[in-house]
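Undergrad: If you scroll down you'll find the structure; I have some questions about it.
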Amino acid sequence: MRRVTLTQYLIEQQRNHGKVSPELRLLIEVVARACKAISHAVSKGPLAGIGDAVGSLNVQGEAQKKLDVIANEVLIEANEWGGQLAAMVSEEMDGPYQIPNRYPKGAFLLLMDPLDGSSNLDVNISVGTIFSVLRCPEGVTEPDDKAFLQPGAKQVAAGFAVYGAATILVLTVGNGTVGFTLDRELGSFVLTQERIMIPEDTQEFAINASNMRNWGAPVKRYIDECLAGKTGPRGKDFNMRWVASMVADVYRILSRGGVFMYPCDAKHKEGRLRLMYEANPMALIVEQAGGAATNGQQRILDIQPGALHQRIGVILGSKNEVERVTGYHTQQ
Ligand code: AHG
Ligand code: MN
Ligand code: MN
């Protein structure tokens, strides 16, 4: 069997589809290398005190864990010197990180959630890294917030790593969604899912049910109908899964279908997840795998962002289910 590494995959995308320039290939490879380092750090578990809080809050007022900070540093240090980026935005930093003057600047912008699911760190449950790549607007040399505020449809690449029993990297460069598994002996990501396709129908949903009292009528209706099972309006039983690490929940949906929801509710009026480095990259990955992603009202990738750390309601996964939940919102 021919083993295709991440490097080979990217070169083939460049040769056969003109999808990946050498600069974009280098950028993705550097991010993947940083993910290997983060995977290694995560796997040390309590030996490295990875779940410990560092006593600081991020821009959104959330307690930073030691590994949130380490993962952010690993990604910045790996990506700042190669010449492929103009600036970076991260969940863990208030504003754009400018490339230091001693390094050349490039044509791309990188957005990232260095460690997703960090509340699961101290309980040995999968966490991950999410990233999104945009083009830097023409003529901009010191990208400010505005340079980053582009709709998700403009992403040239998006991906995430999930540090689970295996470390898996899911990627799209706009030509389908593919999955790689880290071969720890070789130290390389090997293509293990060549064309990920999310089944259009599902009998599995993922939502934090502790927010139930805060849900709006459309979400409540959808979940009630699922819970009613075989004898209810859907005529079939549903199963529920909720990891509380978006990377792990989305990876499951890419593997066997399902619907993931973190909708706006009375407590999370703007939503819980961040548009620029959680919802947008996941929406592109899911759409490229034949699924759908909306905020209940419209396609996530069409939304014009207003702020770097803006939150958004998210409904994504198996197409027919996402369309059903979205329909319950729009046909009210
Ligand atoms: P992060 O760790 O980057 O802040 O993101 C966590 C996100 C996401 O992974 C998960 O789906 C959601 O937060 C869970 O939130 P709650 O436990 O608050 O419901
Ligand atoms: Mn996150
Ligand atoms: Mn995070």
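Undergrad: Take the residues in region 98-125 that are over 15 Å from residue 71 (Cα atoms), within 16 Å of ligand 1 (Cβ to nearest atom) and outside any helix (DSSP H, G or I), then tell me which one is nearest to the chain's Cα centre (by Cα).
TA: 125
Undergrad: Moving to a separate point now. Identify all residues within region 87-97 that are away from ligand 3 (no atom under 14 Å from the Cβ), outside any loop (DSSP other than H, G, I, E, B) and farther than 16 Å from residue 28 by Cβ; write none if there are none.
TA: 87, 97
Undergrad: If you don't mind, there's one more thing I want to ask. Across region 229-279, what is the total count of residues that are within 20 Å of residue 193 (Cβ to Cβ), of a type outside the set (Asp, Glu) and within 11 Å of ligand 1 (Cβ to nearest atom)?
TA: Looking only at that region, the number is 7.
Undergrad: Being in contact with a helix residue (DSSP H, G or I) (Cβ under 9 Å, 6 or more places away or on another chain) and in a loop (DSSP other than H, G, I, E, B) is the filter here, so list the residues in region 279-305 that pass it.
TA: Result: 289, 290, 291, 295, 296, 297, 298, 303, 305.
Undergrad: Kindly evaluate residue 165 against the criterion of being outside any strand (DSSP E or B), modelled with pLDDT of 95 or more and out of contact with any helix residue (DSSP H, G or I) (no Cβ under 7 Å at 6 or more places or on another chain).
TA: Yes.
Undergrad: Pairs under 8 Å by beta carbon, first residue part of a loop (DSSP other than H, G, I, E, B) in region 1-12, partner not hydrophobic (A, V, I, L, M, F, W, C), six or more apart or different chains?
TA: Here the result reads 4/12, each pair linking region 1-12 to a residue that is not hydrophobic (A, V, I, L, M, F, W, C).
Undergrad: Quick one: would you say residue 296 is within 17 Å of the chain's Cα centre (by Cα) and either over 26 Å from residue 94 (Cα atoms) or surrounded by 22 or more Cβ atoms within 10 Å (Cβ to Cβ) (or both)?
TA: Against the criterion (within 17 Å of the chain's Cα centre (by Cα) and either over 26 Å from residue 94 (Cα atoms) or surrounded by 22 or more Cβ atoms within 10 Å (Cβ to Cβ) (or both)), residue 296 does not qualify.
Undergrad: Under the condition of being free of Cβ contacts under 8 Å to residues at least 12 places away in the same chain and closer than 19 Å to residue 156 by Cα, which residue from region 13-49 is surrounded by the most Cβ atoms within 10 Å (Cβ to Cβ)?
TA: That would be 14.
Undergrad: When you look at residue 198, is it in a loop (DSSP other than H, G, I, E, B) and either at negative phi or surrounded by fewer than 15 Cβ atoms within 10 Å (Cβ to Cβ) (or both), yes or no?
TA: The answer is yes for residue 198.
Undergrad: On the basis of being at pLDDT 90 or above, small (Gly, Ala, Ser) and either away from ligand 3 (no atom under 14 Å from the Cβ) or touching a Gly at 6+ places or on another chain (Cβ under 9 Å) (or both), does residue 43 make the cut?
TA: Yes: the conditions hold for residue 43.
The values are calculated or read from the model by the stated rules, or taken from the named source; none is laboratory data. What you are looking at is a predicted structure, and each value in this text was computed from that prediction instead of being measured. In this analysis, Cβ positions are derived from the backbone assuming ideal geometry, glycine residues included, and neighbour counts consider all displayed protein chains.
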